[in-house]
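The structure appears right after this line, and notes come after that.
The values are calculated or read from the model by the stated rules, or taken from the named source; none is laboratory data. Every value quoted in this text rests on a predicted model; they were computed, and no experiment measured them. Neighbour counts run over all protein chains shown; Cβ positions are idealised from the backbone, glycine included.
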Amino acid sequence: IDYRNTYASNSYTMGSLNLKMPYNLAGYPAEFKMGAKATFGKKDRDEDRWRYKWKGDEKVKMSQMLYSEEQKAFFNDNYDRFGPVPDQDKVEKFFEEHRDGLLKGEFRYWDSEGQNFLANEDIYAYYAMTTVNLGKLMVLGGLRHEFTKNDYDGTKLLFDDSGDFSSMERVNEKRDYNNLLPMLHLKYGITPMTNLRLAYTQAIARPNYWDYAPYYFVDPKNEEILAGNPDLKPTTSQNIDLMFEHFFQGIGIASGGFFYKNLQDIIYVQTSKVVGGVYDDYEIEQAINGGSAKLYGLELNWQQEFSFLPGFLSGLGIYANYTHTWADADLLGREGFLPGQAGDVANFSLSYEKYDFSARLSASYRDKFIMEVGKDKDRDEWTDKHMQLDFSATYNVLPWMQAYMDVINLTNEPQYEYLGVRNRPVVVEYFSWWMKAGLKFRFGS
C-alpha cells in the first residue's frame with residue numbers, strides 16, 4: 001500500500017498606492033496618474049510517502065476489499081460491466097486496523113523529498129501614465145517597471161550507478177530581473193457611438209512556481225525524471241491591437257478587430273531523452289524556454305439587450321464572441337502550433353432578465369491544442385476540442401435574499417487527451433452534468 005500525506009499552501013500579500021492629477025495641455029483636458037504596487041507570494045509543498053507491505057502469515061485476499069455491488073454502465077455506458085473494483089472505505093479500514101501491526105511501513109525519501117519545494121516570489125511595480133483628450137482623439141501613454149525577485153528551495157535526489165537512492169542534496173536558487181513595459185493607446189471617435197482603437201503594449205508572463213522550483217524526482221523503475229527548471233526566463237510579448245466598436249441604443253455593443261503578438265522565450269513542457277551519465281536514456285519531463293513565436297488573430301464580439309422588443313420579450317439578451325488565432329512558430333518541427341494555444345475559441349449565450357428573474361443558457365467551444373511537446377510528434381500530448389453547454393438562473397425572492405441555480409455540462413462532454421493522434425487516448429474522463437443551488441443573503445446597506 002502506498003500512503004502519502006501532502007501539505008500545500010499558497011499565500012499572497014499585496015499593497016498599492018495610486019495618485020492622479022488633472023491638468024490642461026494647450027487647452028485640452030488631460031490627466032496624469034502614477035502609482036506603485038508590491039506583491040509578496042509564497043508557495044510551499046511538503047509531501048511524505050510511505051510504502052507498506054503485509055507481513056502476516058495469512059494471505060490478504062482481494063475479495064475482502066471489493067464493492068459488494070457490481071459496477072454497471074461503466075464509462076458513459078460504453079461497457080456493461082467493470083470490475084472487480086476495490087471499495088475505498090474497506091481499503092482504508094484495513095489500512096488503519098493494521099498499519100501499526102502486520103503492515104510494515106518504509107519511509108521513501110526519494111519519493112517524498114523529490115517534489116517538495118518552498119518558493120518566494122516578490123514583485124515590485126511602478127507606473128506613470130497620462131491621458132489627453134484631443135477632441136475626437138484620445139491618447140493614453142505610459143510606462144511600467146516591474147522588478148521580480150525569486151528565492152526557491154528544492155531537493156535534488158542522488159542515485160548510485162545501479163539506480164538505487166543514495167542521498168539527497170538541498171538546493172537553493174535565487175534570481176531577480178527587471179522589465180520595462182511601455183504602452184500607447186489611441187481611440188478615435190468616428191461618431192458619438194462608434195470608435196476605432198489602436199494599441200501597442202508590452203507584457204510579461206512569469207513561470208509557474210512548479211515549473212521554476214529546483215526539484216529533481218527520479219523514478220528508476222520506469223526510467224523517468226520530473227524536474228523543475230530554475231533557469232527559466234519569463235515570456236515577454238509585444239502586442240498590437242486594432243479594434244472597431246459600435247454601441248447600440250440602450251445596452252449593447254458590437255466590435256471586431258485584429259491582434260498581433262510577438263512572443264519571446266516561450267515556456268512549454270517538453271519530454272526528451274537524457275544522453276550520458278547515470279540516467280542515460282531516461283525520459284525527462286521539464287519546462288523549457290522554446291525561442292520565439294508570432295501570433296495573428298481575429299476577434300469578433302456582439303452583446304446586446306433587446307429592450308426595444310414589446311412586453312416580456314424586452315428581457316431577452318444575447319452575447320457572442322469568436323476568436324481565431326494563427327501561430328507562426330516552429331518548435332522542434334511542430335510548425336503552426338503553440339503549446340496551450342487553441343486555434344478557435346467561441347462563446348454564445350442567450351439570456352433573459354426581467355421581473356426579478358434572470359437566466360442564461362451558454363455554449364462554449366474550444367479547439368484542440370498541444371499541451372506537451374514530446375521527443376517526437378507521436379509523443380506530443382494534445383487536449384481535444386471541447387464543446388460545453390451550461391445553464392444558470394437567479395430570482396430575487398426579497399430585496400435581501402436571492403435564490404440561484406447553476407447547471408454545468410448539460411451534454412456530459414468528456415475531457416479527452418491523446419498522444420500524437422486522436423485514436424491513442426491517454427485521458428478520457430466523463431464528469432456528467434452537475435448542479436448547485438441555494439440562497440444568497442445580503443446584509444447591511
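Within the range 89-139, the set of residues being assigned to a helix (DSSP H, G or I) and of a type in the set (A, V, I, L, M) comprises just one member, V91.
When the criteria are applied in full, R51 meets the requirement of being part of a strand (DSSP E or B), within 34 Å of the chain's Cα centre (by Cα) and not β-branched (V, I, T). Scanning the range 186-238 for residues that are in contact with a Pro (Cβ under 7 Å, 6 or more places away or on another chain), under 20 Å from Y282 (Cβ atoms) and among the polar types (S, T, N, Q) gives no hits.
Taken as a whole, the condition of being surrounded by fewer than 15 Cβ atoms within 10 Å (Cβ to Cβ), within 26 Å of Y282 (Cα to Cα) and in contact with a strand residue (DSSP E or B) (Cβ under 9 Å, 6 or more places away or on another chain) applies to V427.
Tallying residues that are in contact with a Phe, Trp or Tyr (Cβ under 9 Å, 6 or more places away or on another chain) and either surrounded by fewer than 20 Cβ atoms within 10 Å (Cβ to Cβ) or in a strand (DSSP E or B) (or both) within the range 210-221 yields 5. With respect to R108, determine if the residue is of a type in the set (K, R), in contact (Cβ under 8 Å) with a residue 24 or more places away in the chain and closer than 24 Å to F217 by Cβ. It is true that R108 is of a type in the set (K, R), in contact (Cβ under 8 Å) with a residue 24 or more places away in the chain and closer than 24 Å to F217 by Cβ.
Checking each residue in the range 218-237 for being of a type in the set (D, E, K, R), farther than 17 Å from R175 by Cβ and free of Cβ contacts under 8 Å to residues at least 60 places away in the same chain picks out D219, K221. Look at the range 17-32: where a residue is among the polar types (S, T, N, Q) and a partner is surrounded by 12 or more Cβ atoms within 10 Å (Cβ to Cβ) and assigned to a strand (DSSP E or B), sitting 6+ places away or on another chain with Cβ atoms under 6 Å, you get N18/G35. Which one is surrounded by the fewest Cβ atoms within 10 Å (Cβ to Cβ), of the residues in the range 222-278 that are assigned to a loop (DSSP other than H, G, I, E, B), of a type in the set (A, V, I, L, M) and in contact with a strand residue (DSSP E or B) (Cβ under 9 Å, 6 or more places away or on another chain)? Among them, the one singled out is I251.
The single condition among (1) more than 30 Å from the chain's Cα centre (by Cα); (2) surrounded by 14 or more Cβ atoms within 10 Å (Cβ to Cβ) that L137 does not meet is (2).
If you go through the range 191-209 and pick out every residue that is free of Cβ contacts under 8 Å to residues at least 40 places away in the same chain and of a type outside the set (S, T, N, Q), you end up with 2.
On inspection, L198 fails the criterion of being closer than 22 Å to F259 by Cβ, hydrophobic (A, V, I, L, M, F, W, C) and surrounded by 15 or more Cβ atoms within 10 Å (Cβ to Cβ). When the range 301-346 is limited to residues that are at pLDDT 95 or above, under 24 Å from the mean Cα position of the chain (by Cα) and aliphatic (A, V, I, L, M), the one that is farthest from F247 (Cα to Cα) turns out to be V345. When you check K440 against the structure, is it closer than 21 Å to Y352 by Cα, exposed (fewer than 12 other Cβ atoms within 10 Å of the Cβ) and basic (K, R), yes or no? It is false that K440 is closer than 21 Å to Y352 by Cα, exposed (fewer than 12 other Cβ atoms within 10 Å of the Cβ) and basic (K, R).
For the range 33-81, the set of residues classified as charged (D, E, K, R), closer than 25 Å to Y3 by Cβ and without any contact (Cβ under 8 Å) to a residue 40 or more places away in the chain consists of D57, E58, K59, K61, listed by residue number. With respect to (1) of a type outside the set (V, I, T); (2) touching a helix residue (DSSP H, G or I) at 6+ places or on another chain (Cβ under 6 Å); (3) more than 20 Å from A342 (Cα to Cα), the lone exception for A287 is condition (3). The residue that is nearest to E224 (Cα to Cα), counting only those in the range 243-276 that are modelled with pLDDT of 95 or more and either of a type in the set (K, R) or touching a Pro at 6+ places or on another chain (Cβ under 9 Å) (or both), is K261. Only one entry of N179, N150 meets the criterion of being in contact with a strand residue (DSSP E or B) (Cβ under 6 Å, 6 or more places away or on another chain), surrounded by 14 or more Cβ atoms within 10 Å (Cβ to Cβ) and closer than 21 Å to V269 by Cβ, and that entry is N150.
In the range 143-179, which residues are in a strand (DSSP E or B) and of a type in the set (D, E)? Matches in the range 143-179: E146, D151, D153, E169, E173, D176.
Number of residues in the range 376-402 that are in contact with a Leu (Cβ under 9 Å, 6 or more places away or on another chain) and farther than 16 Å from Y352 by Cα: the value is 12.
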